[in-house]
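Read the structure below first, then the notes.
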Amino acid sequence: MRTDTALQAADAVFMAEQAVGGARRVVDELHTMINSALRVLDDAELDSARARLSDRGDYYLESAGEHLDRLQTRCEDAKHLIHGVYGHLDLAVQALAALGDLLAAADGLDSAVVADLADLRPRIAVVSEMVVLAKPVARAALRHVDSAELAAQQVTPPSLLEPVTLQRSIATAGKELGRADEDVRLLENVVDHAAANARQSAGIASDIADNARRRMAEQGCGQVPRQALPVPGSPVR
């Protein structure tokens, strides 16, 4: 394997680490958004109960409807965040695919570089596995958030006069948001695991890059500037 290919492999690791880290940050935002949606739904359920028990039923019905309007906004925001997670995961997949090609080309070539890359393989395998697992979990979360939003949309001003419709919509939205919350918790665990291994991989890649630069200098190829490679954990520009 040529030394410059080792640098390309290090580059691919850094790109994957940044992408997975970006997904992790968006999942944090998503978790916060789902919790916010659940609180809004609790408020709607409380006002629905008040409407049945109070002589100010019309006021509380209107308030419940406003809460469900806000719930729809929270669901739209959550769906936007899930698409953001997709985007980061897709970038990670691309970087990992490029890295896989480079690692496959290493077999039987420069023994020093092959030895450097040996420690990288198991870490990258875990990152790849977790990224592949994260995508269907994110899709499940999107499906449940979409169903919760659809349930909230069923509550229109005329339907507020039918308490059964309101209660049914709140119950359906609650069930779907509960499932979405479970999905996001699982997604958080999966992406956490991927991010931890990606960070460790980036540390190994830094060593690989340093070794590659040293070999290039020893061979009279000139030193590769350190700023040519991204710093592990640095934001994507």
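I'd like to know if region 101-115 contains one or more residues that are in contact (Cβ under 8 Å) with a residue 12 or more places away in the chain, in a helix (DSSP H, G or I) and of a type in the set (D, E, K, R).
Step one: list which residues in region 101-115 are in contact (Cβ under 8 Å) with a residue 12 or more places away in the chain, which gives 102-103, 105-106, 109-110, 112-114.
Then keep just the ones that are in a helix (DSSP H, G or I); that gives 102-103, 105-106, 112-114.
Subset that is of a type in the set (D, E, K, R): none.
The answer is no, given that none of the residues of region 101-115 is in contact (Cβ under 8 Å) with a residue 12 or more places away in the chain, in a helix (DSSP H, G or I) and of a type in the set (D, E, K, R).
For Val85, are the conditions met, namely being touching a residue at least 24 places away in the same chain (Cβ under 8 Å), closer than 25 Å to Arg25 by Cα and in contact with a Lys or Arg (Cβ under 7 Å, 6 or more places away or on another chain)? Please lay out each step first, then the result.
Values: touching a residue at least 24 places away in the same chain (Cβ under 8 Å): yes; closer than 25 Å to Arg25 by Cα: yes; in contact with a Lys or Arg (Cβ under 7 Å, 6 or more places away or on another chain): no.
So Val85 does not fit the description; no.
Pairs only if they're at least six apart or on different chains, beta carbon under 6 angstrom, first in region 62-74 and polar (S, T, N, Q), second open to solvent by less than 80 Å² (accessible area, probe 1.4 Å); list them, first residue then second.
Ser63/Asp47; Gln72/Glu149; Gln72/Ala152
If you check every pair at least six apart or on different chains, which have Cβ atoms under 9 Å apart with a residue in region 184-207 that is part of a helix (DSSP H, G or I) first and a residue that is open to solvent by 10 Å² or more (accessible area, probe 1.4 Å) and of a type in the set (Ser, Thr, Tyr) second?
Taking only residues 6 or more apart or on different chains, the pairs are Ala194/Ser128.
Looking at the structure I just gave you, is Gln18 more than 30 Å from Leu117 (Cβ to Cβ), of a type in the set (S, T, N, Q), modelled with pLDDT of 95 or more and part of a helix (DSSP H, G or I)?
On the way: more than 30 Å from Leu117 (Cβ to Cβ): no; of a type in the set (S, T, N, Q): yes; modelled with pLDDT of 95 or more: yes; part of a helix (DSSP H, G or I): yes.
Spelling it out, it is not the case that Gln18 is more than 30 Å from Leu117 (Cβ to Cβ), of a type in the set (S, T, N, Q), modelled with pLDDT of 95 or more and part of a helix (DSSP H, G or I).
Given the criterion open to solvent by 40 Å² or more (accessible area, probe 1.4 Å), in contact with an Asp or Glu (Cβ under 9 Å, 6 or more places away or on another chain), assigned to a helix (DSSP H, G or I) and not acidic (Asp, Glu), identify the matching residue among Arg74, Arg50. Steps first, please.
Working: Arg50 fails: in contact with an Asp or Glu (Cβ under 9 Å, 6 or more places away or on another chain).
Exactly one of Arg74, Arg50 is open to solvent by 40 Å² or more (accessible area, probe 1.4 Å), in contact with an Asp or Glu (Cβ under 9 Å, 6 or more places away or on another chain), assigned to a helix (DSSP H, G or I) and not acidic (Asp, Glu), namely Arg74.
Would you mind stating whether Ala64 is open to solvent by less than 20 Å² (accessible area, probe 1.4 Å), part of a helix (DSSP H, G or I) and not charged (D, E, K, R)?
Considered against the rule, which asks whether it is open to solvent by less than 20 Å² (accessible area, probe 1.4 Å), part of a helix (DSSP H, G or I) and not charged (D, E, K, R), Ala64 comes out as yes.
Which count do you get for residues in region 168-183 that are open to solvent by 70 Å² or more (accessible area, probe 1.4 Å) and touching a residue at least 40 places away in the same chain (Cβ under 8 Å)? Walk me through it before giving the result.
Taking region 168-183 first, the residues open to solvent by 70 Å² or more (accessible area, probe 1.4 Å) are 168, 175, 179, 182.
Subsequent filtering for residues that are touching a residue at least 40 places away in the same chain (Cβ under 8 Å) retains none.
The qualifying residues number 0.
Please give the number of the condition Ala6 fails out of (1) more than 20 Å from the chain's Cα centre (by Cα); (2) more than 30 Å from Pro157 (Cα to Cα); (3) open to solvent by 10 Å² or more (accessible area, probe 1.4 Å); (4) not polar (S, T, N, Q).
Condition (3) is where Ala6 drops out.
Go through region 100-133 and give me each residue that's closer than 17 Å to Gly21 by Cβ and at pLDDT below 90.
Answer for region 100-133, where residues must be closer than 17 Å to Gly21 by Cβ and at pLDDT below 90: just Arg123.
The values are calculated or read from the model by the stated rules, or taken from the named source; none is laboratory data. This is a predicted model, so every value here is computed, not measured. Don't worry about glycine lacking a Cβ; one is built from the backbone with ideal geometry, like all the others, and counts go over all protein chains shown. Note: areas computed on protein heavy atoms with side chains; ligands, DNA, RNA excluded. Shrake-Rupley method; radii C 1.70, N 1.55, O 1.52, S 1.80 Å.
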